[in-house]
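The values are calculated or read from the model by the stated rules, or taken from the named source; none is laboratory data. For clarity, every value in this text was computed on a predicted model and none was experimentally measured. Every residue, glycine among them, receives a Cβ derived from its backbone with ideal geometry; neighbour counts consider all protein chains shown. Accessible surface is based on the protein model in full, side chains and every heavy atom, while ligands, DNA and RNA are left aside. Shrake-Rupley method; radii C 1.70, N 1.55, O 1.52, S 1.80 Å.
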Amino acid sequence: MPGFDLMIRGALNVPDLAVSQGRIVGVGETGSARESIDARGLLVLPGAIDAHVHFNEPGREDWEGISTGSRACAVGGTTTFFDMPLNSTPPVIDAAAFRAKHDLAQEKSHVDFALWGGLVPGKLDEIEALRDCGVIGLKAFMSGSGIDDFPKADPRTLEAGMTRAAKLRMLVAVHAEIDHPEYARGSTVRDYLASRPISVETEAIRLALELAGATGCALHVVHVSSAEGVLLIAQAARDGVDVTCETCPHYLTLTDEDVERLGAPAKCAPPLRSNGERVWLLD
């Protein structure tokens, strides 16, 4: 009988690998297996983990569903994704919604996955149940999310949610922008960019850092787009706040000029910044 489920042989960068029950169980093995992959001339690389995707199912799979999104992950070498809670219907803000989405992902996903839960007004009593379901953390929007049934967490809600999360040893991730209606004027690309200046991002980051420090909550700031934002977070971490952050490929490769050139496909929030910001983040 074969000793392993799978052998990967001849790769350029690693000795032969033996796999059983989905795990690498031997390096440099020479035994037999039920299946063998000839990797001569190829590289074997670890699968990537994408901690921030929006696979909008159930309810909005025409935007991007679990099957197509996870298939794209697999093709690109991403073997695990963490899905955000807001774009499905209902959003993942209670245990019932978690189970509905989890069941769909179990059925349709081509790769491993985990789910974020939501931190929204009126649902703080659901946080412990979400923890028990297995969410990897809680996502809060500090500005309007664009989804009516996923409202933004005002400062009082965010502080109360962080207090609960800290007691439950849960991570809170924030979309860090503050709504400033006075900026929302005009309809051109440049009007949109001007409506979400770096200051509305850094104002939100400062508030989130203050609340995380006061409550002892672990904080993650998603898609930081500016040098000032990163520097604020780095300083807070040095001062003892339990905080991490992420950026995105588009902030490293595109600029505000690309929004004018590409139009709607390059529209995001926070928006693309100047080339100077891009270069700083890339470095």
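Residue-wise test of (1) more than 15 Å from the chain's Cα centre (by Cα); (2) more than 15 Å from residue 164 (Cα to Cα); (3) touching a residue at least 12 places away in the same chain (Cβ under 8 Å).
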{"position": "102", "(1), (2), (3)": "yes, yes, yes"}
{"position": "111", "(1), (2), (3)": "yes, yes, yes"}
{"position": "124", "(1), (2), (3)": "yes, no, yes"}
{"position": "148", "(1), (2), (3)": "yes, yes, no"}
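Against the condition over 18 Å from residue 146 (Cβ atoms), surrounded by fewer than 22 Cβ atoms within 10 Å (Cβ to Cβ) and at pLDDT below 95, how does residue 77 come out, does it pass? So residue 77 passes the test.
Okay, residues lined up against (1) closer than 19 Å to residue 58 by Cα; (2) over 20 Å from the mean Cα position of the chain (by Cα); (3) part of a helix (DSSP H, G or I); (4) of a type in the set (Phe, Trp, Tyr):
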{"site": "93", "(1), (2), (3), (4)": "yes, no, no, no"}
{"site": "96", "(1), (2), (3), (4)": "yes, yes, yes, no"}
{"site": "129", "(1), (2), (3), (4)": "no, yes, yes, no"}
{"site": "157", "(1), (2), (3), (4)": "no, yes, yes, no"}
{"site": "164", "(1), (2), (3), (4)": "no, yes, yes, no"}
{"site": "193", "(1), (2), (3), (4)": "no, yes, yes, no"}
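Residues in the stretch 129-148 that are surrounded by 15 or more Cβ atoms within 10 Å (Cβ to Cβ) and of a type in the set (D, E, K, R): 131, 139.
Residues in the stretch 1-51 that are within 32 Å of the chain's Cα centre (by Cα) and of a type in the set (S, T, N, Q): 13, 20, 21. Given the structure, is residue 113 farther than 23 Å from residue 152 by Cα and crowded, with 20+ Cβ neighbours inside 10 Å? In short, yes.
Kindly check whether there is at least one residue in the stretch 262-276 that is polar (S, T, N, Q), under 30 Å from residue 131 (Cα atoms) and surrounded by 13 or more Cβ atoms within 10 Å (Cβ to Cβ). Among the residues of the stretch 262-276, not one is polar (S, T, N, Q), under 30 Å from residue 131 (Cα atoms) and surrounded by 13 or more Cβ atoms within 10 Å (Cβ to Cβ), which makes the answer no. In the stretch 212-238, which residues are touching a Leu at 6+ places or on another chain (Cβ under 9 Å), in a loop (DSSP other than H, G, I, E, B) and farther than 22 Å from residue 197 by Cβ? Of everything in the stretch 212-238, just one residue is touching a Leu at 6+ places or on another chain (Cβ under 9 Å), in a loop (DSSP other than H, G, I, E, B) and farther than 22 Å from residue 197 by Cβ, namely 217. Residues in the stretch 180-201: is at least one on the phi > 0 side of the Ramachandran plot and open to solvent by 40 Å² or more (accessible area, probe 1.4 Å)? Scanning the stretch 180-201 turns up at least one residue that is on the phi > 0 side of the Ramachandran plot and open to solvent by 40 Å² or more (accessible area, probe 1.4 Å). Confirm whether residue 246 is closer than 30 Å to residue 131 by Cα, within 21 Å of the chain's Cα centre (by Cα), buried (at least 16 other Cβ atoms within 10 Å of the Cβ) and of a type in the set (Asp, Glu). When the stated conditions are applied, residue 246 does not pass them.
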